[in-house]
Amino acid sequence: MSSTLHYKVSLHVVVSSLDETTVQIVQDQLKTFVPDFSFSPMREQPSLQDCIEFYASADVNEEQRQLLIDVLDNDWDKDEDDDTYWAYGFNTKMFNPLVYYMQLDFQKLHTK
């Protein structure tokens, strides 16, 4: 009996815009990769000028996990001790050029 790994993915996304319509476009793009993403309310990022941040989460399988890693950014930094990835858009190529910062955190879900 083979089992597929499943993960809870949490994203923190900072967009270089105060336009909520632009942020909605970024969220819609994320849903093309994982349709089950749910999003927190967007808010102005308190420590950066003219940026909005939001969080997203979903349960994903191994294929979706790898897709997110492969397509959301071309040069992730990764914590060796856990399954966390992060990148800044000013020195990497994000899936959307208005994404300033993104962090992905994967946690394995226990399956029976």
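Only one of Ser38, Ser16 is over 10 Å from the mean Cα position of the chain (by Cα), of a type in the set (S, T, N, Q) and under 18 Å from Phe90 (Cα atoms); which? It would help to see each step written out before you state the result.
Details: Ser38 fails: under 18 Å from Phe90 (Cα atoms).
Sole residue among the options that is over 10 Å from the mean Cα position of the chain (by Cα), of a type in the set (S, T, N, Q) and under 18 Å from Phe90 (Cα atoms): Ser16.
If only one of Thr111, Thr92 is over 18 Å from Thr32 (Cβ atoms), open to solvent by less than 30 Å² (accessible area, probe 1.4 Å) and modelled with pLDDT under 95, which one is it?
The match here is Thr92.
Could you give me the residue pairs with C-beta distances under 8 Å whose first residue belongs to region 99-110 and is over 10 Å from Asp59 (Cα atoms) and of a type in the set (A, V, I, L, M, F, W, C), whose second residue is modelled with pLDDT of 95 or more and open to solvent by 60 Å² or more (accessible area, probe 1.4 Å) wherever it lies, and which are 6+ apart or on separate chains?
The qualifying pairs are Met102/Trp86; Leu104/Trp86.
Among residues belonging to region 17-55 that are assigned to a loop (DSSP other than H, G, I, E, B) and among the aliphatic types (A, V, I, L, M), point out the one that is most open to solvent (accessible area, probe 1.4 Å). Step through it out loud before you land on a result.
As a first pass, look at region 17-55 and keep what is assigned to a loop (DSSP other than H, G, I, E, B): 17-19, 34-37, 40-42, 45-51.
If we keep only those that are among the aliphatic types (A, V, I, L, M) too, we end up with 18, 34, 42, 48.
On the way: Leu18: 83, Val34: 2, Met42: 52, Leu48: 53 Å².
The extreme case among them is Leu18.
Answer yes if at least one residue in region 56-77 is among the basic types (Lys, Arg), part of a helix (DSSP H, G or I), without any contact (Cβ under 8 Å) to a residue 40 or more places away in the chain and open to solvent by less than 80 Å² (accessible area, probe 1.4 Å), and no otherwise.
no
The values are calculated or read from the model by the stated rules, or taken from the named source; none is laboratory data. Everything numeric here is computed off the predicted structure, so don't read it as measured data. Glycine also receives a Cβ, built like all others from the backbone with ideal geometry; neighbour counts cover every protein chain displayed. These area figures cover heavy atoms from the full protein model, side chains too; ligands, DNA and RNA do not enter into them. Shrake-Rupley method; radii C 1.70, N 1.55, O 1.52, S 1.80 Å.
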